[in-house]
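The values are calculated or read from the model by the stated rules, or taken from the named source; none is laboratory data. Owing to the predicted nature of the structure, the values given are computational and were not obtained by experimental measurement. Neighbour counts are summed over all protein chains in view; Cβ atoms, including those assigned to glycine, are modelled from backbone coordinates with ideal geometry. Calculation scope for accessible area: heavy atoms of the full protein, side chains included, ligands and nucleic acids excluded. Shrake-Rupley method; radii C 1.70, N 1.55, O 1.52, S 1.80 Å.
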Amino acid sequence: MEHEDPRNGESPHRSSKKPKFSSNYIPESEIRDEFSHHQPRVARINNGSFGSCPGSVLAAQRRWQLQFLRQPDAFYFNTLRNGITASRMIIKDLINADHVDEVSLVDNATTAAAIVLQQIGHSFAEGKFKKSDTVLMLHCAFQAVKKSIQAYVTRAGGSVVEVRLPFPVNSEEEIISEFKQSITEGKSNGRKIRLAIIDHITSMPSVVIPVKELVRVCREEGIDQVFVDAAHAIGSLKVAVKEIGADFYVSNLHRWFFCPPSVAFLHCKKANASSDVHHPVVSHEYGNGLPIESSWIGTRDYSSQLVIPAVLEFVNRFEGGIEGIMERNHEQVVKMGKMLAESWGTNLGSPPEMCMAMIMVGLPSRLCLNSEEDASRLRSYLRDCHEVEVPIFYQVPKDGEDGVRDNDGCITGYVRISHQVYNTLDDYEKLRDAINQIVKDGKTCKMLCIE
């Protein structure tokens, strides 16, 4: 039997026991205590952007930080590797991966994108791929991913094909159809698609993508590799990497899994965990495999990677653990989205089954939200004048199409609301009433003044 490097996570103390849930579930008062560090009176319905971290996990993080500061040498040689391995083992079980060697902990999804696109860029630069070959991605991909493609792929000669995401969207079939059309475009003139980047949950607008079906289409069409950018996934929907079948899958742990910022896992299928895949920050661990390279990229604070066991303890205080949290967040965000849409006389941006803990809700057309500048002004106004934190999405009207309408005109603006365990009905009523007041006062986005 081949010898296993213990740094990759082989431990004689591995346990197959299922997590134990408390018989006394966390009461509302303790939930409020866990998030008492949040700014008072602010309707924080934007968990999707930066996530949230409970006080008990922050306390665990501080203990790790102090342990390092007290005796850094002992911490580095005796503690750090084992702690990161324990965290990777937890993630391996949560995402149903085959082996802990497939799981690396990195800072965020942006870092993971750099890891994946770096090896694609090298293949273009070294002549392994033709200059005419391409990368496929959704047009609403996260801006950092687009910039990574620019930095690593297009500057090395590769091209990009963007899949237009229908929005508002009514069914998964609409997305699959657009995806197939873009594959045809990408393969035109004898080109090969070397990488497809697929969001599991898009950010803005927020929609759950039928990622398993799209990965299957990629395999049928002979696309070399598939990278799933699932920044919003873990903690908001069930992640089963073997069933999805992508070559690379990343999800932030600080968004919906209660870790402090910032930490993400990157899953690489065993067949793809080759010597060509490296962390973009090179340290003395270069060449020892991505999980080991990622576990030491120089002196820094690794506490966000080490607190994952404490996070698991926190979520298991809730009925049903993380799956129970996901189910309740979905139910509540749909309920709140419908309440807002009914009050404003607008629509939801997708069917409830195509959202998880975030949902898009149309804004009244009387706001005259006609540009990204209008969206930014409205968001700032809600923050500064109504203590409501929520992202605003501007939907560019398509040529020759009216789009979705309310009683007064075409809906061109949407709010993206999130629901996390700390949110209450008051948060959403505060947003509802603020928008209704703006409309009642006859103001448009351009008329809003921020003092």
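Quick rundown of the values:
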quantity	calculated
In nm, spacing of pseudo-spin labels at GLU173 and ARG70 (7 Å Cα→C-beta vector)	6.3
For the stretch 154-159, 3J(HN,Hα) per residue [Karplus equation, 6.51 cos²θ - 1.76 cosθ + 1.60, θ = phi - 60°, Hz, x = Gly/Pro]	5, 5, 9, x, x, 10
Anisotropy class of the stretch 63-314 from Cα gyration tensor, a/c 1.5 cut	prolate
Residue-normalised accessible area of the stretch 63-314, expressed per residue, 1.4 Å probe, Å²	39
Carbon plus sulfur fraction of accessible area for the stretch 285-399, probe 1.4 Å, in percent	46
Carbon/sulfur fraction of accessible area - the stretch 18-115, other protein chains in place, 1.4 Å, %	52
Theoretical gain in end-to-end length, GLU313 to ARG32 [0.36 nm per residue, Cα-Cα removed]	99.4 nm
Mean accessible surface per residue for the stretch 348-400, computed with a 1.4 Å probe while every protein chain stays in place, in Å²	41
Theoretical gain in end-to-end length, LYS192 to ASP441 [0.36 nm per residue, Cα-Cα removed]	84.1 nm
Label point distance in nm, GLU353-ASN24, each placed 7 Å from Cα along Cα→Cβ	4.1
Cut-off under 5 Å, modelled amide H: who pairs with ALA196 long-range	LEU136, GLN225, VAL226, PHE227
